[in-house]
Amino acid sequence: MAESEIPLYVACKLIELHDDLFNSDEYLDRVFAEAAAPVIERANSYLSKVSVPFAELIPFVLDFYEYADKKLKPIDKTTRWNAFGTYLKERNA
């Protein structure tokens, strides 16, 4: 499993919790979700406490993505990770 799965889940969930139109299924790996099932509920509980004004949501998540992207090795970046980064950059334009 790629190292990008955890930050990808966090970033997608932050958007999903604040934007009813966002569908994370395009970016998240079901295998990761199954493996993380024991902690998903608790993680979601913490993420649901993050409060970001809707107008600042994409820039906020993009900052998180760019920070994580710098920390990840190229081999740990999935095509879904890269596609999500493209989505964020397009939405932030």
**OP:** Determine which member of the set 78, 86 is at negative phi, touching a residue at least 40 places away in the same chain (Cβ under 8 Å) and of a type outside the set (Lys, Arg).
**Re:** 78
Original post:
Going through the stretch 1-46 one residue at a time, which ones are β-branched (Val, Ile, Thr), surrounded by 15 or more Cβ atoms within 10 Å (Cβ to Cβ) and either farther than 19 Å from residue 71 by Cβ or touching a strand residue (DSSP E or B) at 6+ places or on another chain (Cβ under 7 Å) (or both)?
Top reply: 15, 40
Original post:
How many of the residues in the stretch 12-43 are without any contact (Cβ under 8 Å) to a residue 60 or more places away in the chain and under 12 Å from the mean Cα position of the chain (by Cα)?
Top reply: 12
Subject >> Counted residues, the stretch 47-70 - those being free of Cβ contacts under 8 Å to residues at least 24 places away in the same chain and surrounded by 10 or more Cβ atoms within 10 Å (Cβ to Cβ) >> reply: 5
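Read the figures in this text as sums done on the coordinates, not as results from a lab. Here the structure is a predicted model, which is why all the values come from computation and not from measurement. In this analysis, Cβ positions are derived from the backbone assuming ideal geometry, glycine residues included, and neighbour counts consider all displayed protein chains.
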